[in-house]
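Readers should treat all values here as calculations from the given coordinates under stated rules, not as data from a laboratory. Note that the structure is a prediction, hence the values are computed from the model and not measured. Virtual Cβ from ideal backbone geometry, glycine too; neighbours counted across all protein chains shown.
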Amino acid sequence: MLSDDEVSATILLKLHKRGNWGASHTAFDNLHKGFKDADLGKHGARRIDKLARELIRHGWIIPKPTSYGLQVSLNPRESQAIMTFMKRFFPDV
């Protein structure tokens, strides 16, 4: 099972690989995709929601409410901190 930091780093990496910085965003629900149930434990989807909301509170992910659901992107002002955090778990980023 992945630790909370590993799941958070994976969420950030997913947004980074998609190029979702600043004005480019994706649906909040897309953050669940790609995780295996065995990696997340019993309440996997709920855990991803909780960790993603923590990243929003931390200022690394920018939320954008829309009529069709919540959209998210990475905060370009925090790019240095985000990249440093991701490199702890994915050194070749």
Which of K17/K87; K17/K42; K14/K64 have a Cα-Cα distance over 25 Å? K17/K42
Cβ-based charge dipole, the chain, positive-most Cα from A27, S8, I61: A27
Most exposed to least, judged by fewest other Cβ atoms within 10 Å, V7, V93 sort to V93, V7
Would you work out the relative contact order for the chain, in percent, from Cα pairs under 8 angstrom that are 6 or more residues apart? 37
